[in-house]
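Read through the structure below, which is laid out as C-alpha coordinates, and then see the notes.
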Amino acid sequence: MSHNNVTHGKPWSGRFHEPTDTFVEEFTASIGFDHRLYQQDIHGSIAHARMLAKVGVLSREECDAIIQGLEAIAQDISRGQFSWSVALEDVHMNIEAALTERIGPVGKKLHTGRSRNDQIATDIRLYLRDAIDLITTQLQRLQEGLLAIAEREAATIMPGFTHLQTAQPVTFGHHLMAWFEMLLRDTGRLADCRHRVNVLPLGAAALAGTTFPIDRAYTAELLGFDGIAENSLDAVSDRDFAIEFTAAGALLMTHLSRFAEELVLWSSAQFDFITLPDRFCTGSSIMPQKKNPDVPELVRGKTGRVNGHLVSLLTLMKGQPLAYNKDNQEDKEPLFDTVDTLLGCLRAFADMIPAITTNPDKMREAATKGYATATDLADYLVRKGVSFRDAHEIVGKAVALAIEQSKDLAALKLATLQDFSPVIEEDVFDVLTLEGSVAARNHLGGTAPAQVRAAIQRGREKLNSLA
Ligand code: ARG
(Lines give C-alpha, C1' and ligand atoms only; values in the text may rest on other atoms or scores of the structure.)
Protein backbone atom coordinates (compact mmCIF):
# COMPACT_ATOMS: atom_id res chain seq x y z
CA MET A 1 0.00 0.00 0.00
CA SER A 2 1.23 3.44 -0.88
CA HIS A 3 2.02 5.74 2.02
CA ASN A 4 1.62 8.97 0.14
CA ASN A 5 -0.81 10.76 -2.17
CA VAL A 6 -3.88 9.43 -0.33
CA THR A 7 -5.50 12.86 0.14
CA HIS A 8 -9.03 12.33 -1.19
CA GLY A 9 -9.38 16.14 -1.43
CA LYS A 10 -10.08 16.71 2.31
CA PRO A 11 -7.94 19.07 4.36
CA TRP A 12 -7.77 16.38 7.06
CA SER A 13 -7.30 13.36 4.83
CA GLY A 14 -3.60 12.72 5.58
CA ARG A 15 -4.16 9.80 7.96
CA PHE A 16 -7.03 8.22 6.03
CA HIS A 17 -6.73 5.18 3.75
CA GLU A 18 -10.03 5.41 1.89
CA PRO A 19 -12.37 8.18 0.82
CA THR A 20 -15.38 9.08 2.96
CA ASP A 21 -18.50 7.05 2.27
CA THR A 22 -20.75 9.24 0.10
CA PHE A 23 -23.72 8.97 2.42
CA VAL A 24 -21.53 9.75 5.44
CA GLU A 25 -20.18 12.75 3.58
CA GLU A 26 -23.69 14.15 3.27
CA PHE A 27 -24.69 13.00 6.71
CA THR A 28 -21.84 14.81 8.41
CA ALA A 29 -21.85 17.95 6.25
CA SER A 30 -23.22 21.20 7.65
CA ILE A 31 -22.77 23.32 4.55
CA GLY A 32 -26.50 23.06 3.77
CA PHE A 33 -27.19 25.40 6.68
CA ASP A 34 -23.95 26.89 7.98
CA HIS A 35 -23.29 28.73 4.68
CA ARG A 36 -25.47 31.37 6.35
CA LEU A 37 -22.46 32.18 8.52
CA TYR A 38 -20.18 33.13 5.63
CA GLN A 39 -19.99 36.83 6.54
CA GLN A 40 -19.14 36.09 10.16
CA ASP A 41 -16.67 33.40 9.08
CA ILE A 42 -14.84 35.78 6.76
CA HIS A 43 -14.98 38.62 9.25
CA GLY A 44 -13.45 36.31 11.89
CA SER A 45 -10.78 35.04 9.47
CA ILE A 46 -9.73 38.54 8.50
CA ALA A 47 -9.30 39.48 12.17
CA HIS A 48 -7.36 36.26 12.78
CA ALA A 49 -5.05 36.97 9.83
CA ARG A 50 -4.41 40.54 11.02
CA MET A 51 -3.58 39.22 14.47
CA LEU A 52 -1.18 36.62 13.02
CA ALA A 53 0.54 39.40 11.06
CA LYS A 54 0.75 41.60 14.16
CA VAL A 55 2.57 38.90 16.12
CA GLY A 56 4.81 38.03 13.16
CA VAL A 57 3.40 34.60 12.31
CA LEU A 58 2.31 35.90 8.89
CA SER A 59 4.21 38.47 6.84
CA ARG A 60 2.44 41.70 5.86
CA GLU A 61 2.28 40.52 2.25
CA GLU A 62 0.81 37.17 3.22
CA CYS A 63 -1.77 38.87 5.41
CA ASP A 64 -2.73 41.34 2.67
CA ALA A 65 -3.10 38.56 0.12
CA ILE A 66 -5.31 36.58 2.52
CA ILE A 67 -7.50 39.57 3.30
CA GLN A 68 -7.94 40.51 -0.35
CA GLY A 69 -8.76 36.93 -1.22
CA LEU A 70 -11.34 36.66 1.59
CA GLU A 71 -12.97 39.94 0.62
CA ALA A 72 -13.28 38.81 -2.98
CA ILE A 73 -14.82 35.53 -1.82
CA ALA A 74 -17.34 37.44 0.32
CA GLN A 75 -18.36 39.41 -2.75
CA ASP A 76 -18.72 36.30 -4.87
CA ILE A 77 -20.92 34.69 -2.24
CA SER A 78 -23.11 37.76 -1.80
CA ARG A 79 -23.62 37.90 -5.57
CA GLY A 80 -24.55 34.23 -5.70
CA GLN A 81 -21.39 33.44 -7.66
CA PHE A 82 -20.00 30.82 -5.33
CA SER A 83 -20.73 27.15 -5.40
CA TRP A 84 -20.78 25.36 -2.07
CA SER A 85 -19.42 21.85 -1.98
CA VAL A 86 -20.77 19.11 0.29
CA ALA A 87 -17.43 17.30 -0.06
CA LEU A 88 -15.86 20.28 1.71
CA GLU A 89 -18.26 19.71 4.60
CA ASP A 90 -18.78 23.14 6.11
CA VAL A 91 -18.57 26.87 5.57
CA HIS A 92 -15.05 27.03 6.97
CA MET A 93 -13.46 24.48 4.66
CA ASN A 94 -15.40 25.73 1.63
CA ILE A 95 -14.08 29.24 2.13
CA GLU A 96 -10.55 28.09 2.95
CA ALA A 97 -10.41 25.92 -0.18
CA ALA A 98 -11.67 28.82 -2.31
CA LEU A 99 -9.03 31.06 -0.76
CA THR A 100 -6.19 28.73 -1.63
CA GLU A 101 -7.55 28.30 -5.12
CA ARG A 102 -7.68 32.06 -5.52
CA ILE A 103 -4.39 33.20 -3.92
CA GLY A 104 -2.29 30.05 -3.98
CA PRO A 105 -0.52 28.14 -1.18
CA VAL A 106 -0.37 31.18 1.14
CA GLY A 107 -4.11 30.63 1.69
CA LYS A 108 -3.20 27.48 3.59
CA LYS A 109 -1.43 29.59 6.23
CA LEU A 110 -4.65 31.24 7.42
CA HIS A 111 -5.55 28.28 9.62
CA THR A 112 -2.39 28.64 11.71
CA GLY A 113 -3.09 28.71 15.46
CA ARG A 114 -6.77 28.11 14.88
CA SER A 115 -9.20 25.22 14.66
CA ARG A 116 -12.67 24.92 13.24
CA ASN A 117 -13.73 24.44 16.84
CA ASP A 118 -12.88 27.95 17.97
CA GLN A 119 -13.77 29.25 14.51
CA ILE A 120 -17.38 28.01 14.62
CA ALA A 121 -17.83 29.18 18.21
CA THR A 122 -16.71 32.62 17.07
CA ASP A 123 -18.98 32.62 14.02
CA ILE A 124 -22.09 31.78 16.03
CA ARG A 125 -21.32 34.41 18.64
CA LEU A 126 -20.86 37.07 15.94
CA TYR A 127 -24.08 35.93 14.27
CA LEU A 128 -26.06 35.93 17.50
CA ARG A 129 -24.79 39.35 18.54
CA ASP A 130 -26.15 40.85 15.29
CA ALA A 131 -29.36 38.85 15.56
CA ILE A 132 -29.98 40.16 19.09
CA ASP A 133 -29.54 43.71 17.83
CA LEU A 134 -31.99 43.18 14.96
CA ILE A 135 -34.54 41.52 17.25
CA THR A 136 -34.20 44.33 19.78
CA THR A 137 -34.89 46.91 17.07
CA GLN A 138 -38.11 45.12 16.06
CA LEU A 139 -39.09 44.71 19.71
CA GLN A 140 -38.70 48.41 20.29
CA ARG A 141 -40.83 49.23 17.23
CA LEU A 142 -43.56 47.04 18.65
CA GLN A 143 -43.25 48.70 22.04
CA GLU A 144 -43.50 52.16 20.47
CA GLY A 145 -46.67 51.03 18.72
CA LEU A 146 -48.09 49.79 22.01
CA LEU A 147 -47.33 53.10 23.71
CA ALA A 148 -49.07 54.99 20.91
CA ILE A 149 -52.32 53.05 21.12
CA ALA A 150 -52.18 52.88 24.91
CA GLU A 151 -52.11 56.68 24.88
CA ARG A 152 -55.08 56.86 22.52
CA GLU A 153 -57.00 54.35 24.67
CA ALA A 154 -55.87 55.51 28.11
CA ALA A 155 -59.48 56.13 29.21
CA THR A 156 -61.31 53.53 27.10
CA ILE A 157 -63.28 51.26 29.42
CA MET A 158 -63.22 47.51 28.92
CA PRO A 159 -63.88 44.54 31.17
CA GLY A 160 -60.82 43.18 32.92
CA PHE A 161 -60.90 39.40 33.23
CA THR A 162 -59.83 36.66 35.55
CA HIS A 163 -60.66 33.11 34.43
CA LEU A 164 -61.88 34.87 31.24
CA GLN A 165 -64.91 35.97 33.30
CA THR A 166 -65.63 39.66 33.70
CA ALA A 167 -63.86 40.73 36.87
CA GLN A 168 -63.45 44.50 37.20
CA PRO A 169 -63.44 47.35 34.73
CA VAL A 170 -60.04 48.41 33.42
CA THR A 171 -58.94 50.75 30.70
CA PHE A 172 -57.76 49.37 27.39
CA GLY A 173 -54.65 51.53 27.75
CA HIS A 174 -53.84 49.77 31.01
CA HIS A 175 -54.31 46.38 29.39
CA LEU A 176 -51.98 47.33 26.52
CA MET A 177 -49.39 48.57 28.97
CA ALA A 178 -49.33 45.12 30.55
CA TRP A 179 -48.03 43.85 27.20
CA PHE A 180 -45.54 46.69 27.09
CA GLU A 181 -44.14 45.68 30.48
CA MET A 182 -43.72 42.05 29.43
CA LEU A 183 -41.88 43.08 26.28
CA LEU A 184 -39.69 45.44 28.27
CA ARG A 185 -38.52 42.51 30.38
CA ASP A 186 -37.88 40.53 27.18
CA THR A 187 -35.73 43.39 25.89
CA GLY A 188 -33.81 43.35 29.16
CA ARG A 189 -33.27 39.60 28.99
CA LEU A 190 -31.85 39.88 25.47
CA ALA A 191 -29.56 42.74 26.47
CA ASP A 192 -28.31 40.72 29.42
CA CYS A 193 -27.74 37.64 27.28
CA ARG A 194 -25.81 39.76 24.75
CA HIS A 195 -23.10 40.42 27.36
CA ARG A 196 -22.39 36.71 27.62
CA VAL A 197 -22.64 36.17 23.85
CA ASN A 198 -20.13 38.89 23.05
CA VAL A 199 -17.01 37.04 24.21
CA LEU A 200 -14.15 35.85 21.98
CA PRO A 201 -13.46 32.09 21.69
CA LEU A 202 -10.66 32.39 19.05
CA GLY A 203 -7.31 31.36 20.47
CA ALA A 204 -8.79 28.27 22.11
CA ALA A 205 -7.89 26.44 18.87
CA ALA A 206 -9.04 22.80 18.97
CA LEU A 207 -9.36 22.68 22.75
CA ALA A 208 -6.08 23.40 24.53
CA GLY A 209 -4.89 26.67 23.02
CA THR A 210 -2.02 27.08 20.56
CA THR A 211 1.78 27.14 20.57
CA PHE A 212 1.86 30.36 18.52
CA PRO A 213 2.37 33.73 20.27
CA ILE A 214 -1.19 34.91 19.65
CA ASP A 215 -2.65 38.23 20.80
CA ARG A 216 -6.23 37.47 21.72
CA ALA A 217 -6.95 40.96 23.00
CA TYR A 218 -6.15 42.32 19.56
CA THR A 219 -8.47 39.83 17.84
CA ALA A 220 -11.21 40.68 20.34
CA GLU A 221 -10.77 44.37 19.66
CA LEU A 222 -10.92 43.86 15.88
CA LEU A 223 -14.14 41.86 16.18
CA GLY A 224 -15.80 44.14 18.72
CA PHE A 225 -15.94 41.51 21.47
CA ASP A 226 -16.29 42.85 25.01
CA GLY A 227 -14.37 40.00 26.58
CA ILE A 228 -12.17 36.96 25.94
CA ALA A 229 -13.13 33.41 26.87
CA GLU A 230 -10.93 32.53 29.83
CA ASN A 231 -10.75 28.78 29.34
CA SER A 232 -9.99 27.11 26.03
CA LEU A 233 -11.95 23.91 26.79
CA ASP A 234 -15.02 25.90 27.77
CA ALA A 235 -14.65 28.26 24.81
CA VAL A 236 -14.97 25.54 22.17
CA SER A 237 -17.53 23.37 23.88
CA ASP A 238 -20.28 25.23 25.67
CA ARG A 239 -23.28 26.61 23.83
CA ASP A 240 -24.96 27.98 26.94
CA PHE A 241 -25.10 31.42 25.34
CA ALA A 242 -27.21 29.99 22.51
CA ILE A 243 -29.45 28.18 24.99
CA GLU A 244 -29.82 31.35 27.01
CA PHE A 245 -30.76 33.31 23.91
CA THR A 246 -33.29 30.67 22.91
CA ALA A 247 -34.75 30.70 26.41
CA ALA A 248 -35.18 34.47 26.19
CA GLY A 249 -36.69 33.92 22.73
CA ALA A 250 -39.08 31.26 24.03
CA LEU A 251 -40.31 33.61 26.73
CA LEU A 252 -40.71 36.40 24.22
CA MET A 253 -42.66 34.10 21.89
CA THR A 254 -44.78 32.93 24.82
CA HIS A 255 -45.66 36.56 25.51
CA LEU A 256 -46.47 37.18 21.87
CA SER A 257 -48.55 34.02 21.82
CA ARG A 258 -50.70 35.16 24.76
CA PHE A 259 -51.04 38.56 23.14
CA ALA A 260 -52.00 36.84 19.86
CA GLU A 261 -54.65 34.82 21.66
CA GLU A 262 -56.26 38.01 22.95
CA LEU A 263 -56.20 39.58 19.49
CA VAL A 264 -57.97 36.50 18.11
CA LEU A 265 -60.60 36.62 20.85
CA TRP A 266 -61.11 40.37 20.74
CA SER A 267 -61.53 40.47 16.97
CA SER A 268 -64.15 37.68 17.00
CA ALA A 269 -67.83 38.54 16.46
CA GLN A 270 -68.48 37.39 20.04
CA PHE A 271 -66.18 39.99 21.58
CA ASP A 272 -65.95 42.53 18.76
CA PHE A 273 -63.63 44.76 20.84
CA ILE A 274 -61.15 45.46 18.05
CA THR A 275 -60.86 45.37 14.28
CA LEU A 276 -57.69 44.03 12.72
CA PRO A 277 -56.73 45.77 9.49
CA ASP A 278 -57.75 43.76 6.40
CA ARG A 279 -54.18 43.66 5.15
CA PHE A 280 -53.21 41.49 8.12
CA CYS A 281 -56.07 39.02 7.65
CA THR A 282 -57.09 36.48 5.06
CA GLY A 283 -60.39 35.08 3.80
CA SER A 284 -61.88 31.65 3.38
CA SER A 285 -62.10 29.85 0.06
CA ILE A 286 -65.59 28.60 0.89
CA MET A 287 -67.20 31.02 3.37
CA PRO A 288 -67.45 34.44 1.73
CA GLN A 289 -68.10 36.30 4.99
CA LYS A 290 -64.90 35.14 6.73
CA LYS A 291 -62.05 37.40 7.78
CA ASN A 292 -59.55 35.30 9.65
CA PRO A 293 -56.90 36.64 12.07
CA ASP A 294 -54.14 34.55 10.46
CA VAL A 295 -51.24 36.71 11.60
CA PRO A 296 -51.91 36.40 15.34
CA GLU A 297 -52.84 32.74 14.90
CA LEU A 298 -49.53 32.02 13.16
CA VAL A 299 -47.58 33.88 15.80
CA ARG A 300 -49.34 31.79 18.44
CA GLY A 301 -48.57 28.64 16.45
CA LYS A 302 -44.92 29.48 15.79
CA THR A 303 -44.31 29.75 19.51
CA GLY A 304 -44.21 25.96 19.52
CA ARG A 305 -41.15 25.99 17.29
CA VAL A 306 -39.10 28.22 19.54
CA ASN A 307 -40.15 26.45 22.73
CA GLY A 308 -39.16 23.22 20.97
CA HIS A 309 -35.78 24.65 19.91
CA LEU A 310 -35.04 25.48 23.53
CA VAL A 311 -35.61 21.87 24.51
CA SER A 312 -33.54 20.68 21.51
CA LEU A 313 -30.57 22.79 22.51
CA LEU A 314 -30.74 21.85 26.17
CA THR A 315 -30.89 18.20 25.21
CA LEU A 316 -28.07 18.64 22.70
CA MET A 317 -25.77 19.97 25.40
CA LYS A 318 -26.70 17.57 28.15
CA GLY A 319 -24.33 14.63 28.43
CA GLN A 320 -21.54 16.05 26.25
CA PRO A 321 -18.09 15.50 27.75
CA LEU A 322 -15.56 18.32 27.39
CA ALA A 323 -14.47 19.68 25.00
CA TYR A 324 -15.85 20.00 21.44
CA ASN A 325 -18.08 17.25 20.08
CA LYS A 326 -19.67 17.05 16.68
CA ASP A 327 -23.06 17.10 18.44
CA ASN A 328 -22.62 20.86 18.51
CA GLN A 329 -23.08 21.06 14.78
CA GLU A 330 -26.76 20.45 15.57
CA ASP A 331 -27.00 23.81 17.33
CA LYS A 332 -27.32 25.84 14.16
CA GLU A 333 -30.68 24.92 12.69
CA PRO A 334 -32.64 25.50 15.92
CA LEU A 335 -30.76 28.72 16.49
CA PHE A 336 -31.30 30.07 12.97
CA ASP A 337 -34.97 29.15 13.08
CA THR A 338 -35.37 30.83 16.47
CA VAL A 339 -33.89 34.04 15.07
CA ASP A 340 -35.97 33.88 11.87
CA THR A 341 -39.16 33.17 13.79
CA LEU A 342 -38.60 35.97 16.28
CA LEU A 343 -37.79 38.48 13.56
CA GLY A 344 -40.82 37.49 11.47
CA CYS A 345 -43.29 37.50 14.37
CA LEU A 346 -42.02 40.78 15.79
CA ARG A 347 -42.11 42.44 12.42
CA ALA A 348 -45.68 41.30 11.78
CA PHE A 349 -46.81 42.53 15.21
CA ALA A 350 -44.89 45.81 15.01
CA ASP A 351 -46.57 46.54 11.66
CA MET A 352 -50.02 45.40 12.73
CA ILE A 353 -50.49 46.73 16.28
CA PRO A 354 -50.56 50.48 15.48
CA ALA A 355 -53.15 49.79 12.74
CA ILE A 356 -55.65 48.14 15.11
CA THR A 357 -58.90 50.04 15.64
CA THR A 358 -61.10 49.69 18.72
CA ASN A 359 -64.85 49.47 19.20
CA PRO A 360 -65.23 51.34 22.53
CA ASP A 361 -69.04 50.88 22.65
CA LYS A 362 -68.67 47.11 22.55
CA MET A 363 -65.97 47.13 25.19
CA ARG A 364 -68.09 49.32 27.43
CA GLU A 365 -71.19 47.22 26.90
CA ALA A 366 -69.25 44.09 27.84
CA ALA A 367 -67.97 45.79 31.01
CA THR A 368 -71.52 46.70 32.09
CA LYS A 369 -72.71 43.14 31.64
CA GLY A 370 -70.68 41.20 34.14
CA TYR A 371 -71.26 43.06 37.47
CA ALA A 372 -67.77 44.43 37.12
CA THR A 373 -68.29 47.04 39.85
CA ALA A 374 -69.32 44.56 42.56
CA THR A 375 -65.94 44.92 44.29
CA ASP A 376 -66.36 48.69 44.23
CA LEU A 377 -69.65 48.30 46.11
CA ALA A 378 -67.96 46.05 48.68
CA ASP A 379 -65.13 48.59 49.12
CA TYR A 380 -67.81 51.32 49.52
CA LEU A 381 -69.45 49.36 52.35
CA VAL A 382 -66.06 48.90 54.01
CA ARG A 383 -65.50 52.66 53.89
CA LYS A 384 -68.84 53.00 55.69
CA GLY A 385 -67.66 50.74 58.51
CA VAL A 386 -68.76 47.24 57.35
CA SER A 387 -66.09 44.50 57.57
CA PHE A 388 -64.85 43.24 54.18
CA ARG A 389 -66.15 39.71 54.73
CA ASP A 390 -69.67 40.99 55.57
CA ALA A 391 -69.51 43.43 52.66
CA HIS A 392 -68.61 40.54 50.31
CA GLU A 393 -71.67 38.63 51.51
CA ILE A 394 -74.01 41.63 51.18
CA VAL A 395 -72.85 42.43 47.64
CA GLY A 396 -73.10 38.76 46.65
CA LYS A 397 -76.78 38.86 47.59
CA ALA A 398 -77.33 42.12 45.69
CA VAL A 399 -75.69 40.58 42.60
CA ALA A 400 -77.93 37.51 42.90
CA LEU A 401 -81.00 39.77 42.90
CA ALA A 402 -79.68 41.79 39.95
CA ILE A 403 -79.09 38.56 37.99
CA GLU A 404 -82.66 37.47 38.82
CA GLN A 405 -84.00 40.77 37.48
CA SER A 406 -81.53 40.81 34.51
CA LYS A 407 -80.25 44.20 35.61
CA ASP A 408 -76.89 45.77 36.27
CA LEU A 409 -76.09 46.75 39.89
CA ALA A 410 -76.23 50.44 39.00
CA ALA A 411 -79.81 49.91 37.71
CA LEU A 412 -81.11 48.75 41.12
CA LYS A 413 -83.10 51.37 43.07
CA LEU A 414 -81.53 53.00 46.12
CA ALA A 415 -84.26 51.53 48.34
CA THR A 416 -83.57 48.05 46.98
CA LEU A 417 -79.86 48.41 47.72
CA GLN A 418 -80.65 49.74 51.20
CA ASP A 419 -82.56 46.54 51.91
CA PHE A 420 -79.19 44.80 51.75
CA SER A 421 -77.42 47.33 53.96
CA PRO A 422 -78.73 50.44 55.71
CA VAL A 423 -75.34 52.21 55.36
CA ILE A 424 -75.89 52.61 51.62
CA GLU A 425 -76.68 56.19 50.55
CA GLU A 426 -77.27 58.11 47.32
CA ASP A 427 -73.47 58.47 46.76
CA VAL A 428 -73.31 54.70 46.08
CA PHE A 429 -74.07 55.34 42.43
CA ASP A 430 -70.75 57.18 42.00
CA VAL A 431 -68.84 54.00 42.76
CA LEU A 432 -71.11 51.82 40.66
CA THR A 433 -70.23 53.64 37.43
CA LEU A 434 -67.46 52.21 35.27
CA GLU A 435 -65.64 55.56 35.11
CA GLY A 436 -65.82 55.91 38.91
CA SER A 437 -64.48 52.40 39.31
CA VAL A 438 -61.38 52.87 37.14
CA ALA A 439 -60.70 56.41 38.34
CA ALA A 440 -60.68 55.17 41.95
CA ARG A 441 -57.74 52.85 41.30
CA ASN A 442 -55.45 55.80 41.31
CA HIS A 443 -52.07 54.56 42.48
CA LEU A 444 -48.88 53.44 40.78
CA GLY A 445 -49.72 50.33 38.78
CA GLY A 446 -53.49 50.98 38.93
CA THR A 447 -55.89 51.32 36.01
CA ALA A 448 -57.00 54.98 36.50
CA PRO A 449 -56.49 56.87 33.22
CA ALA A 450 -54.17 59.32 34.98
CA GLN A 451 -51.99 56.41 36.13
CA VAL A 452 -52.01 54.86 32.67
CA ARG A 453 -50.77 58.14 31.19
CA ALA A 454 -48.03 58.33 33.81
CA ALA A 455 -47.03 54.71 33.08
CA ILE A 456 -46.86 55.52 29.36
CA GLN A 457 -44.60 58.46 30.12
CA ARG A 458 -42.27 56.30 32.21
CA GLY A 459 -42.38 53.57 29.55
CA ARG A 460 -41.35 56.05 26.88
CA GLU A 461 -38.41 57.20 29.01
CA LYS A 462 -37.28 53.61 29.60
CA LEU A 463 -37.49 52.87 25.88
CA ASN A 464 -35.50 55.97 24.99
CA SER A 465 -32.85 55.10 27.54
CA LEU A 466 -32.36 51.72 25.86
CA ALA A 467 -32.12 53.14 22.33
N1 ARG B 1 -19.37 22.17 11.33
C2 ARG B 1 -18.82 22.11 12.62
C3 ARG B 1 -19.82 22.64 13.65
O4 ARG B 1 -20.79 23.18 13.26
C5 ARG B 1 -17.59 22.96 12.66
C6 ARG B 1 -16.59 22.49 13.64
C7 ARG B 1 -16.12 21.15 13.25
N8 ARG B 1 -15.00 20.71 13.98
C9 ARG B 1 -14.58 19.45 13.93
N10 ARG B 1 -13.52 19.17 14.56
N11 ARG B 1 -15.21 18.55 13.23
O12 ARG B 1 -19.68 22.47 14.83
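Cβ-Cβ contacts under 7 Å between residues 6 or more apart (or on different chains), taken from a first residue in region 315-338 that is under 28 Å from K302 (Cβ atoms) and free of Cβ contacts under 8 Å to residues at least 40 places away in the same chain to a second residue that is open to solvent by 70 Å² or more (accessible area, probe 1.4 Å) and more than 13 Å from the ligand (Cβ to nearest atom), are listed as D337/R305.
Exactly one residue out of R196, R185, R189 is surrounded by fewer than 19 Cβ atoms within 10 Å (Cβ to Cβ), more than 30 Å from S232 (Cβ to Cβ) and more than 16 Å from the ligand (Cβ to nearest atom), and it is R185.
Taken together, the residues in region 115-157 that are farther than 22 Å from L342 by Cα and in contact with a Ser or Thr (Cβ under 7 Å, 6 or more places away or on another chain) amount to 5. On inspection, V395 fails the criterion of being open to solvent by 50 Å² or more (accessible area, probe 1.4 Å), under 22 Å from R441 (Cβ atoms), assigned to a helix (DSSP H, G or I) and not charged (D, E, K, R).
Yes/no matrix, rows are residues, columns are (1) open to solvent by 30 Å² or more (accessible area, probe 1.4 Å); (2) more than 16 Å from the ligand (Cβ to nearest atom):
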site	(1), (2)
M93	no, no
E96	yes, no
R114	no, no
Q119	no, no
D130	yes, yes
D133	yes, yes
Q143	no, yes
A148	yes, yes
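In this structure, L110 does not satisfy being more than 35 Å from the chain's Cα centre (by Cα) and either away from the ligand (no atom under 16 Å from the Cβ) or modelled with pLDDT under 95 (or both). Tell me whether region 318-325 contains one or more residues that are in a helix (DSSP H, G or I), modelled with pLDDT of 95 or more and either open to solvent by less than 60 Å² (accessible area, probe 1.4 Å) or not small (G, A, S) (or both). No, region 318-325 contains no residue that is in a helix (DSSP H, G or I), modelled with pLDDT of 95 or more and either open to solvent by less than 60 Å² (accessible area, probe 1.4 Å) or not small (G, A, S) (or both). Out of (1) within 16 Å of the ligand (Cβ to nearest atom); (2) basic (K, R); (3) open to solvent by 50 Å² or more (accessible area, probe 1.4 Å), what's the single condition that is false for R102? Among (1) within 16 Å of the ligand (Cβ to nearest atom); (2) basic (K, R); (3) open to solvent by 50 Å² or more (accessible area, probe 1.4 Å), the lone unmet condition for R102 is (1).
In region 409-428, the qualifying residues are those that are buried (at least 16 other Cβ atoms within 10 Å of the Cβ) and within 20 Å of E365 (Cα to Cα), and the one that is modelled with the highest pLDDT is L412.
Within region 310-337, the set of residues being more than 16 Å from the ligand (Cβ to nearest atom) and either touching a helix residue (DSSP H, G or I) at 6+ places or on another chain (Cβ under 7 Å) or β-branched (V, I, T) (or both) comprises L310, V311, L314, T315.
The values are calculated or read from the model by the stated rules, or taken from the named source; none is laboratory data. Just so we're clear, the structure is a prediction, and the values are computed from it rather than from any experiment. All Cβ positions, glycine included, derive from the backbone under ideal geometry; neighbour counts span all protein chains shown. Calculation scope for accessible area: heavy atoms of the full protein, side chains included, ligands and nucleic acids excluded. Shrake-Rupley method; radii C 1.70, N 1.55, O 1.52, S 1.80 Å.
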